[in-house]
1. Can you name the residue in region 144-179 that is loosely packed, with under 14 Cβ neighbours inside 10 Å and among the acidic types (Asp, Glu) and is also nearest to LEU44 (Cα to Cα) among such residues?
2. Any residue in region 34-48 that's in the same structural domain as LEU62 (by TED's automatic domain parsing) and surrounded by fewer than 23 Cβ atoms within 10 Å (Cβ to Cβ): show its pairings with residues that are of a type in the set (S, T, N, Q) and not in a helix (DSSP H, G or I) at Cβ separation under 9 Å, as long as the two are six or more apart or on different chains.
3. So which residues in region 168-188 are hydrophobic (A, V, I, L, M, F, W, C), in contact with a Lys or Arg (Cβ under 8 Å, 6 or more places away or on another chain) and touching a residue at least 12 places away in the same chain (Cβ under 8 Å), if there are any at all?
4. With the structure loaded, tell me whether LEU91 is surrounded by fewer than 16 Cβ atoms within 10 Å (Cβ to Cβ) and either at pLDDT 90 or above or assigned to a helix (DSSP H, G or I) (or both) or whether it fails that test.
5. Test of understanding: among GLY121, GLY115, GLY184, which residue is at pLDDT 90 or above and over 19 Å from VAL233 (Cα atoms)?
6. Grab the helices (runs of 4 or more DSSP H) fully contained in region 164-236, keeping just those with 3 or more residues being aliphatic (A, V, I, L, M) and within 26 Å of the chain's Cα centre (by Cα).
7. Which one is farthest from VAL233 (Cα to Cα) among residues in region 64-88 that are in contact (Cβ under 8 Å) with a residue 24 or more places away in the chain and assigned to a loop (DSSP other than H, G, I, E, B)?
8. Inspect region 193-205 for any residue being crowded, with 20+ Cβ neighbours inside 10 Å, in contact (Cβ under 8 Å) with a residue 60 or more places away in the chain, within 30 Å of ARG89 (Cα to Cα) and not polar (S, T, N, Q) and give the result as yes or no.
Amino acid sequence: MSGAGSGSGFPTTHATWIAGQLARGAEGRDEVHDHIMRRYADPLRAYVLGSSLRTLDDADALVNGFFVSRLAREDYVAKWQESALPLRRWLVNGLLLHARERMREQRRASGGCEGCACGTGCDSADAIALEPSAFERFERSWSRALLGDACALAQRELVAEDDGDAWEVFRRHFLDGIEYADIGLQLRITAAEARTRARRASYRFERALRQLLEDEGVARDDLDEEIAWLMEVSGR
């Protein structure tokens, strides 16, 4: 993500970063939009592929159309800031609205809306709603993207402090499942030192994760519950 805080390698809060980018005009908005598309393109495609929307249009076409239509609006991200919704829920809601619009357009083009008060929307379009199983697929994809970003931020900070070995120990133990004694032999340190280094990296990783979740609009009081859910859903 762009907008890292000075010296730390960690971003400022998302709302502050976004406000700063929007104040820069078109260039800043482009950076915000690039970040949203990078993190959310795959999760939104996962939603489409796991839902009834896959019969409406190709997943890539539907998601790309959503990004084009919404991110072309200068106030779209600012309205998210006012909504108090997590960013991911705001974007899924936007995708559903875009799908309703696409269905109405298709029915108008085919003449299938005659006599159904299409000016206010077809009944079938209005029936498009959040599908829990598809949203779970979305959250699995989103959680993996978020965890990847948290790993990258934590690693970047440790490397900047000339403590890259701490991340290497963390990665080998928690991601590869290697015991501390074996890692110690590989890195020529004691098992106790390996554990200490992993603890430092684990702290940085959790801090990055909490920061990113706050950036996504999750309230601080909900962070512990959100992290527990994120870890659960990412492993499914």
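The values are calculated or read from the model by the stated rules, or taken from the named source; none is laboratory data. This is a predicted model, so every value here is computed, not measured. Here the Cβ is made from the backbone with ideal geometry for all residues, glycine too, and neighbour counts use every protein chain on show.
1. Out of the qualifying residues, it is ASP176.
2. ASP34/SER2; HIS35/SER2
3. Matches in region 168-188: VAL169, PHE170, ILE183.
4. no
5. GLY184
6. Because the criterion is at least 3 residues that are aliphatic (A, V, I, L, M) and within 26 Å of the chain's Cα centre (by Cα), the helices (runs of 4 or more DSSP H) in region 164-236 that meet it are 191-215, 223-234.
7. Per the stated criteria, the residue is GLU74.
8. no
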